[in-house]
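The values are calculated or read from the model by the stated rules, or taken from the named source; none is laboratory data. Predicted, not measured: the structure shown is a model, and the values here were computed from it. Please note: Cβ atoms are built from the backbone with ideal geometry, for glycine as well, and neighbour counts cover all protein chains shown.
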Amino acid sequence: MLDGKTIRSAGESVLCWLATCSAAGEPNVSPKEIFAVFNGDSIVIANIASPRSARNIREHGRACVSFVNVFTQRGYQIRGAAQELRAGDDGFAEIEAVLLGMTQGQFPFKSVFRVIAQEVSEIIAPRYRLYPETTEQEQIESAMISYGVRPR
């Protein structure tokens with residue numbers, strides 16, 4: 001379900017945003033720093049400090065993950081079935097190993113979230129649609145100015 005462009009985009013993104021909803025319909029969105037594509041069909045996220053996201057996933061079983069490269073201003077939104085996995089659950093150890101490799105022990109976590117992709121949508125800055133001749137390089141240069149980033 002997750003093609004090469006989506007996987008590459010996830011790897012270029014520093015944060016993702018996990019959107020969940022409680023059984024009562026209360027939305028919750030929170031940024032996540034430790035995430036990865038897993039098995040080509042899922043986004044997995046370390047649950048470092050997200051009790052509300054965990055509760056919502058247990059209650060509702062669905063979530064949305066978005067990530068955007070802040071310079072190219074392109075990314076993806078992944079919607080699908082969500083689960084919280086803990087030590088002893090099927091698949092936990094394999095996912096934990098991937099995420100521990102990223103944290104290098106700096107961010108302890110006791111559970112992980114897995115969002116299995118069922119719908120994938122591209123996210124692009126409005127400029128690409130309003131001005132189709134816009135190139136990624138122009139978008140990067142504009143973002144660098146906006147963010148006050150100077151190349152080394």
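Yes/no per residue for (1) assigned to a strand (DSSP E or B); (2) under 20 Å from Leu2 (Cα atoms); (3) not basic (Lys, Arg):
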| residue | (1), (2), (3) |
| --- | --- |
| Phe71 | no, no, yes |
| Tyr76 | yes, yes, yes |
| Arg79 | yes, yes, no |
| Glu84 | yes, no, yes |
| Pro108 | no, no, yes |
| Glu119 | yes, yes, yes |
| Arg127 | no, no, no |
| Glu138 | no, no, yes |
| Arg150 | no, no, no |
Based on this model, can you work out whether Gln73 counts as modelled with pLDDT of 95 or more and within 19 Å of the chain's Cα centre (by Cα)? no
What pairs come out if I take residues in region 127-145 that are under 11 Å from Phe71 (Cβ atoms) and in contact (Cβ under 8 Å) with a residue 24 or more places away in the chain and pair them with residues that are among the aromatic types (Phe, Trp, Tyr) and not in a helix (DSSP H, G or I) whose C-beta lies under 6 Å away, six or more apart or interchain? Ile140/Phe71; Ala143/Phe71
Among the residues of region 77-100, how many are closer than 17 Å to Thr20 by Cβ and touching a residue at least 60 places away in the same chain (Cβ under 8 Å)? 2
Region 21-42, subset within 16 Å of Phe113 (Cβ to Cβ) and touching a helix residue (DSSP H, G or I) at 6+ places or on another chain (Cβ under 7 Å), residue modelled with the lowest pLDDT: Ser22
Could you check region 24-39 and list, in sequence order, the residues that are closer than 26 Å to Gln106 by Cα and more than 11 Å from the chain's Cα centre (by Cα)? Asn28, Val29, Phe38, Asn39
Among what's in region 10-20 and is out of contact with any Cys (no Cβ under 9 Å at 6 or more places or on another chain) and surrounded by 13 or more Cβ atoms within 10 Å (Cβ to Cβ), pick the residue that is farthest from Val112 (Cα to Cα). Glu12
